[in-house]
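Worksheet: the structure to be examined is printed underneath.
The values are calculated or read from the model by the stated rules, or taken from the named source; none is laboratory data. Predicted model only: the values in this text are computed from it and were never measured. Cβ placement follows ideal geometry from the backbone for every residue including glycine, while neighbour counts extend to all protein chains displayed. With ligands, DNA and RNA removed, areas are computed over all heavy atoms of the protein, side chains included. Shrake-Rupley method; radii C 1.70, N 1.55, O 1.52, S 1.80 Å.
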Amino acid sequence: ALPIFTNSRGINAPTISEYVLSAMLNIVRKSFVFADRARQKVWDAETTVDELLGKTVGIFGLGMVGWEVAKRAKAFDMTVLGVDVFSGEVPFVDKCYPPEQRMEVLPQCDFVVLCMPLLPSTQGMIDRNELTVMKKTAWLINVGRGPLVVTDALVEAIDANMLAGAVLDVFDTEPLPQKDVLWSRENI
């Protein structure tokens, strides 16, 4: 009998894409700020909120997860830029770029979502140079693999207020060690 090979490619794409949109909504709607104020029994009338409408998201990796993120981002009337080795037309993506043009994409984005696999060509693809060109108000969201981002460079950029923050679902070491510096940053 021949062996049977299977995979579960894309099985978590809807769940992960909802996580990404939830993170973006929590950021613009300041959900965590209001939840913290409520626990303190403080009526907060000063905190201002924003919306996803009109924001730009750059999705690095347009596989199953990236495509699902794009579809949901379009439902919020966001501009969707894609970065992928495939640079043809993709549904729900306004414009696609090859990875070599990421420095052109990053300054345009309010959110950068990493959905790429870990390959020699993608390891450390978000480093100091990339973080330097991002908007100071931008958020990096990594749901791909931890080593896509150079963690020390990310922490330095956030500490220097070079970007607003990061949502990390993946790390270089998992589970994240309790003494890791990432635990101590409010905007990570």
So which of ALA35, ALA13, ALA73, ALA23 is within 20 Å of LEU168 (Cβ to Cβ) and in contact (Cβ under 8 Å) with a residue 60 or more places away in the chain?
ALA23
Complete set of residues in the range 52-71 that are loosely packed, with under 12 Cβ neighbours inside 10 Å and either touching a strand residue (DSSP E or B) at 6+ places or on another chain (Cβ under 6 Å) or at negative phi (or both)
LEU53
What is the one condition in (1) in contact with a strand residue (DSSP E or B) (Cβ under 7 Å, 6 or more places away or on another chain); (2) part of a loop (DSSP other than H, G, I, E, B); (3) acidic (Asp, Glu) that GLU104 does not satisfy?
(2)
Would you pick out the residues in the range 58-73 that are in a helix (DSSP H, G or I) and aromatic (Phe, Trp, Tyr)?
TRP67
Being free of Cβ contacts under 8 Å to residues at least 40 places away in the same chain and either open to solvent by 30 Å² or more (accessible area, probe 1.4 Å) or in contact with a Cys (Cβ under 6 Å, 6 or more places away or on another chain) (or both): is that true of ALA45 here?
yes
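Looking at LEU53, LEU81, LEU21, can you tell me which residue is under 14 Å from the mean Cα position of the chain (by Cα) and not in a strand (DSSP E or B)?
LEU21
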Could you please let me know if LEU154 is touching a strand residue (DSSP E or B) at 6+ places or on another chain (Cβ under 9 Å) and within 22 Å of SER31 (Cβ to Cβ)?
no
Run VAL167 past the list (1) touching a residue at least 60 places away in the same chain (Cβ under 8 Å); (2) open to solvent by less than 20 Å² (accessible area, probe 1.4 Å) and report the number of the one that doesn't hold.
(2)
Test of understanding: among ASP172, ASP180, which residue is out of contact with any strand residue (DSSP E or B) (no Cβ under 8 Å at 6 or more places or on another chain) and either open to solvent by 70 Å² or more (accessible area, probe 1.4 Å) or under 21 Å from VAL85 (Cβ atoms) (or both)?
ASP172
Is one or more of the residues making up the range 141-159 free of Cβ contacts under 8 Å to residues at least 12 places away in the same chain, assigned to a loop (DSSP other than H, G, I, E, B) and either open to solvent by 30 Å² or more (accessible area, probe 1.4 Å) or closer than 16 Å to VAL69 by Cβ (or both)?
no
